[in-house]
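The values are calculated or read from the model by the stated rules, or taken from the named source; none is laboratory data. Here the structure is a predicted model, which means the values were calculated and not measured. For neighbour counting, all protein chains shown are included, and Cβ atoms are generated from backbone atoms with ideal geometry for every residue, glycine included. Ligands, DNA and RNA are stripped out before the accessible areas are found, and what is left, the full protein with its side chains, is counted by its heavy atoms. Shrake-Rupley method; radii C 1.70, N 1.55, O 1.52, S 1.80 Å.
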Amino acid sequence: MSFFEIVLLAIGLSMDSLAVSVTSGAIIKKFTGGQVIRIAGVLAFFQALFTLTGYLLGFGFLKLIEAFDHWIAFILLAYLGGKMIMDSLKGKDEEEKMDPLCLKTLCGLGIATSIDALAVGISLALMQASLPMITLTIAVVTFLFSAFGVCFGGRVGDKMDFKLDLIGGLILIGIGIKILVEHLFFA
């Protein structure tokens, strides 16, 4: 997996966190640097943790499923991407009286936005990808996107409606198709 592909994967995974961050910024409106770091840090931590956990779970199954691992990666990424797209089309309202600065709420958001990273971690293990570089890249990209999201949401988030989940879902499906095509036609 090239660095460009890793960055695209990280961007795709960070779209849920970005959407939550924009909403959090819109709720907080006047935020401090510490609040931005807290929100972005927790979201990035869970993305990295779930990627690592998924990788470790997937690595244990590697020898058993090498012959069809590309199908598993494709199905997981297509499912998650499709779920993100469906959620974005349903127009779920994330602003329902949540307090994004409450640690319990923030951890819940971190876990909810990182479930896809668990499945991606399993897929990465099946591909025998380099875990440290990918995990670090996912954490850094998620942190940066989330920090931007809080700042953006605080300034204009309540005035605009972006479909960030839709974009993230399309990226994950695209990566799944690429993995499948590479293994079926170029391996």
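Just a few scattered comments:
- The set of residues in the range 3-34 being hydroxyl-bearing (Ser, Thr, Tyr) and open to solvent by less than 50 Å² (accessible area, probe 1.4 Å) consists of Ser14, Ser17, Ser21, Thr23, Ser24.
- Beta carbons closer than 6 Å, at least 6 apart along the sequence or on distinct chains, pair a first residue in the range 1-22 that is part of a helix (DSSP H, G or I) with a second that is open to solvent by 40 Å² or more (accessible area, probe 1.4 Å) and among the aromatic types (Phe, Trp, Tyr) for Ser14/Phe145; Leu18/Phe145; Val22/Phe152.
- Among (1) open to solvent by 30 Å² or more (accessible area, probe 1.4 Å); (2) closer than 20 Å to Leu126 by Cβ - the single one Ile37 does not satisfy: (2)
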